[in-house]
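Reviewing the structure listed below.
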Amino acid sequence: MKYYSLTNSYNTASFSEAVIQGLAPDRGLYFPESIPKLSDDFWSSFADKSMVEIGVDVMRPFVGGTIPDSRLQEIVADTLCFDFPVKKISNSISTLELFHGPTMAFKDVGGRFMARCIGYFNEKSPKKVTVLVATSGDTGGAVASGFLGIPGTEVIILYPKGKVSRIQELQLTTNGQNIKAIEVDGVFDDCQEMVKSAFIDEDLKARLNLTSANSINVARWLPQSLYFFAAVQQLQRIGIDKKLVFSVPSGNFGNICAGIVAKQLGLPISHFVASTNSNDTVPRYLKTEDYLPHPSKQTISNAMDVGNPSNFIRIQSLYNRDFNALKKEFSSRAYSDRKTKEALAEIYKKYNYIADPHGAVGYLGLQNFLKENPEHYGVFLETAHPIKFRDIVEETLSLELSIPAQIQHILDKTPEKTSLSGYEAFKEYLLSHTA
Ligand SMILES: *Cc1c(COP(=O)(O)O)cnc(C)c1O
């Protein structure tokens, strides 16, 4: 399997090249040249397969021979080391909980898979890979945890001082080993700029083997399709045989795009709803066919505060840029913070389930679709554990959340970080702290 750039399809790369480069040299996103259907053999034993067996079969064509099967098996087993349970909400709705990984948000699977692929690709190189990642919160934690202890790799996280929650900061600063955290005196955009400057700095390029762990990397994007296999397998096991609709709380649209890949591989899903907060570029596009990105707005579901979703172009490509074909299987709705809080309260009062603000947005999009299409069975994705948005959940539901083990164990660790500001200080740090 080759990948081509969505900017210029003549620029192609193997899986390993696409993973190491992140973006194509022409700045385009890499896209697989085909989505091969899974075999009849796969489907005839689907009900009894383990998640690792499914993971290897689904990822094998995408890896395209750049990782031997026995190693792919290890990478997938190491990636999927936690559960993705489907929990019943009502007679027509379930939720798929994607927050049981080490950092309690769904980015763990992509982070772990990518880290292990890079670890494998760099195994024979004498020079270690330095991964730079700027984060406004969740991504840095998942990337750090994914790369923790992977030989031949080192991660440097930049985050804006005082702009991440206490739990997020602990997730960034208490890893140790090959993970280092830098607190930048500035905002997220300053962190992002420092990373971008480092990538084009000739001194650094000569000395270090730099790469990025951006969410547009194919090794973070594609394994997310496994969530949908996990959900459909569980629903089939409990005898759900209605048409399935998935509502995915969406920001950069990577997760939902991976769901559409799963469908095109042959998974029986009839419709997708991309549920967004007030960052409504895609819902507006579906109404008007005009794609007009706005600057991002801050909301209570902040992991989805994206004004110009990078992966939407991949979704359009999955439908061969045919607007009407897209609209048949894909809809999108936006919800305000007020609606999101009302949904949190409704899910709790009616169904005794504590959602997080992102899951609540997903619930709203699902309810809307089911009202008009009652013959479907619906699943909304719970992309983060409510503890990660503790203040808003506790305040809206007037309760106190108990603290899960994954979070408890970092609470009494001492944060280790370097504070600096400006690119020159960052460059000096890179030159003196990495070798
Ligand atoms: C990243 C994230 C999202 C958005 O996922 P995309 O793939 O960017 O659409 C939703 N919820 C949570 C909790 C996230 O961390």
**Asked** Filter region 383-398 for residues that are without any contact (Cβ under 8 Å) to a residue 40 or more places away in the chain and not acidic (Asp, Glu); which is surrounded by the fewest Cβ atoms within 10 Å (Cβ to Cβ)?
**Response** Ser398
**Request:** Restricting attention to region 304-327, report how many residues are open to solvent by less than 40 Å² (accessible area, probe 1.4 Å) and part of a helix (DSSP H, G or I).
**Result:** 9
**Complete:** Residue hits (region 37-67; open to solvent by less than 60 Å² (accessible area, probe 1.4 Å) and over 17 Å from Leu226 (Cβ atoms)) are Gly64, Thr66
**Complete:** Picked from region 289-300 (must be within 16 Å of the ligand (Cβ to nearest atom) and touching a helix residue (DSSP H, G or I) at 6+ places or on another chain (Cβ under 6 Å)), the residue least open to solvent (accessible area, probe 1.4 Å) is Thr299
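Residues being closer than 21 Å to Gly140 by Cα and loosely packed, with under 13 Cβ neighbours inside 10 Å: count how many of those fall in region 417-435.
Going residue by residue through region 417-435, those that are closer than 21 Å to Gly140 by Cα are 417-423, 425-427, 429-430, 433-434.
Imposing the further condition that a residue be loosely packed, with under 13 Cβ neighbours inside 10 Å reduces the set to 419.
Qualifying residue count, region 417-435: 1.
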**Prompt:** Pairs under 6 Å by beta carbon, first residue without any contact (Cβ under 8 Å) to a residue 60 or more places away in the chain in region 323-349, partner among the charged types (D, E, K, R), six or more apart or different chains?
**Reply:** Phe323/Glu289; Ala334/Asp280
**Prompt:** Consider Ala345 against the criteria (1) more than 16 Å from the ligand (Cβ to nearest atom); (2) among the aliphatic types (A, V, I, L, M); (3) at pLDDT below 95: it satisfies all of them except one. Which criterion is unmet?
**Reply:** (3)
**Request:** State all residues of region 88-125 that are polar (S, T, N, Q) and either crowded, with 24+ Cβ neighbours inside 10 Å or under 22 Å from Asn175 (Cβ atoms) (or both); if no residue qualifies, say none.
**Result:** Thr95, Thr103, Asn122
**Prompt:** Restricting the search to region 382-422, which residues are away from the ligand (no atom under 16 Å from the Cβ), among the charged types (D, E, K, R) and assigned to a helix (DSSP H, G or I)?
**Reply:** Glu394, Glu395
**Fill in**
When (1) of a type outside the set (Phe, Trp, Tyr); (2) part of a helix (DSSP H, G or I); (3) closer than 27 Å to Ala343 by Cα are applied to Cys117, the one that fails is (3)
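Return the residues of region 68-87 that are among the polar types (S, T, N, Q) and open to solvent by 50 Å² or more (accessible area, probe 1.4 Å); say none if nothing qualifies.
So in region 68-87, the residues among the polar types (S, T, N, Q) come out as 70, 73, 79.
Selection gives Ser70, Gln73.
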**Request:** Exactly one condition in (1) modelled with pLDDT of 95 or more; (2) under 19 Å from the mean Cα position of the chain (by Cα); (3) outside any helix (DSSP H, G or I) is not met by Leu292; state its number.
**Result:** (2)
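Take region 234-257 and flag every residue that is β-branched (Val, Ile, Thr) and more than 8 Å from the ligand (Cβ to nearest atom).
Of everything in region 234-257, those that are β-branched (Val, Ile, Thr) and more than 8 Å from the ligand (Cβ to nearest atom) turn out to be Ile238, Ile240, Val245.
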**Message:** Going through Val143, Val131 one at a time, which residue ends up being away from the ligand (no atom under 14 Å from the Cβ), surrounded by 22 or more Cβ atoms within 10 Å (Cβ to Cβ) and within 19 Å of Gly254 (Cβ to Cβ)?
**Reply:** Val131
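Can you go through Ala303, Ala231 and tell me which one is away from the ligand (no atom under 12 Å from the Cβ) and of a type in the set (A, V, I, L, M)? Full working, then the answer.
Numbers: Ala303 fails: away from the ligand (no atom under 12 Å from the Cβ).
Every option except Ala231 fails the conditions.
Within region 186-288, which strands (runs of 3 or more DSSP E) (wholly inside it) include 2 or more residues that are modelled with pLDDT under 95 and open to solvent by 10 Å² or more (accessible area, probe 1.4 Å)?
On the way: elements: 209-212, 243-249, 271-276.
Where strands (runs of 3 or more DSSP E) fall fully within region 186-288 and carry at least 2 residues being modelled with pLDDT under 95 and open to solvent by 10 Å² or more (accessible area, probe 1.4 Å), they are 209-212.
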**Message:** Checking Arg321 against (1) more than 15 Å from the ligand (Cβ to nearest atom); (2) basic (Lys, Arg); (3) in contact with a Pro (Cβ under 9 Å, 6 or more places away or on another chain), only one condition comes out false. Which one?
**Reply:** (3)
**Item:** Residues satisfying the stated conditions in region 332-381, i.e. open to solvent by less than 70 Å² (accessible area, probe 1.4 Å) and part of a strand (DSSP E or B)
**Value:** Ser332, Ala334, His376, Tyr377, Gly378, Val379, Phe380, Leu381
**Prompt:** With Cys81, Cys117 as the choices, which residue is out of contact with any Asp or Glu (no Cβ under 9 Å at 6 or more places or on another chain), in contact (Cβ under 8 Å) with a residue 60 or more places away in the chain, over 25 Å from Phe188 (Cα atoms) and not small (Gly, Ala, Ser)?
**Reply:** Cys117
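Working only within region 354-372, note down all residues that are in contact with a strand residue (DSSP E or B) (Cβ under 7 Å, 6 or more places away or on another chain) and of a type in the set (S, T, N, Q). Talk me through it step by step, then tell me what you get.
Just the residues of region 354-372 that are in contact with a strand residue (DSSP E or B) (Cβ under 7 Å, 6 or more places away or on another chain), to begin with: 355-356, 358-359, 361-366, 368-370.
Answer for region 354-372, where residues must be in contact with a strand residue (DSSP E or B) (Cβ under 7 Å, 6 or more places away or on another chain) and of a type in the set (S, T, N, Q): just Asn368.
The values are calculated or read from the model by the stated rules, or taken from the named source; none is laboratory data. In this text the structure is predicted, and so the values were computed from the model without any measurement. For neighbour counting, all protein chains shown are included, and Cβ atoms are generated from backbone atoms with ideal geometry for every residue, glycine included. These area figures cover heavy atoms from the full protein model, side chains too; ligands, DNA and RNA do not enter into them. Shrake-Rupley method; radii C 1.70, N 1.55, O 1.52, S 1.80 Å.
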